[in-house]
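A quick write-up on the structure given underneath.
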Amino acid sequence: MAKLYGILEYALVQLADTGYINILTFIRTIYEELSSFLELLLSITIFKSSPEIATTYSEAISLLISLSAIYLILEVTLIGKRVIKLVLLLGWSLLILSILMSFYMV
């Protein structure tokens, strides 16, 4: 263990880093599973005729779901509400427009 300014800190820093890494890994795993589930769901329902498009939209929907969850948390705490609301409104609008256009283009 390293001694820094007379305090044994190495073990605490190492434990804290491992805890953050585990939390971030858990969040990333949930995000990837959500994206995979949405891709499967889209490929067997809306994009049955061309399932390769489902990957693009599943990633966009996963991102927007994550931003929506952040927005709901911020709504409770009232921090950054206007910016996230604008991003969400723009994101959902562009996603719906893109899906509608893909039906008319194919």
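Observations
- All told, Phe47 meets the bar of being closer than 16 Å to Ile96 by Cα, surrounded by 11 or more Cβ atoms within 10 Å (Cβ to Cβ) and at pLDDT 85 or above.
- Cβ-Cβ contacts under 9 Å between residues 6 or more apart (or on different chains), taken from a first residue in region 16-36 that is surrounded by fewer than 11 Cβ atoms within 10 Å (Cβ to Cβ) to a second residue that is β-branched (Val, Ile, Thr) and at pLDDT 90 or above, are absent.
- Close pairs (8 angstrom Cβ cut-off, 6 or more residues apart or separate chains): without any contact (Cβ under 8 Å) to a residue 60 or more places away in the chain in region 47-73, assigned to a helix (DSSP H, G or I) and among the β-branched types (Val, Ile, Thr) anywhere: Phe47/Ile53; Pro51/Ile44; Tyr57/Ile99; Leu67/Ile84; Leu67/Val87; Ile70/Ile84; Tyr71/Ile84
The values are calculated or read from the model by the stated rules, or taken from the named source; none is laboratory data. Owing to the predicted nature of the structure, the values given are computational and were not obtained by experimental measurement. Here the Cβ is made from the backbone with ideal geometry for all residues, glycine too, and neighbour counts use every protein chain on show.
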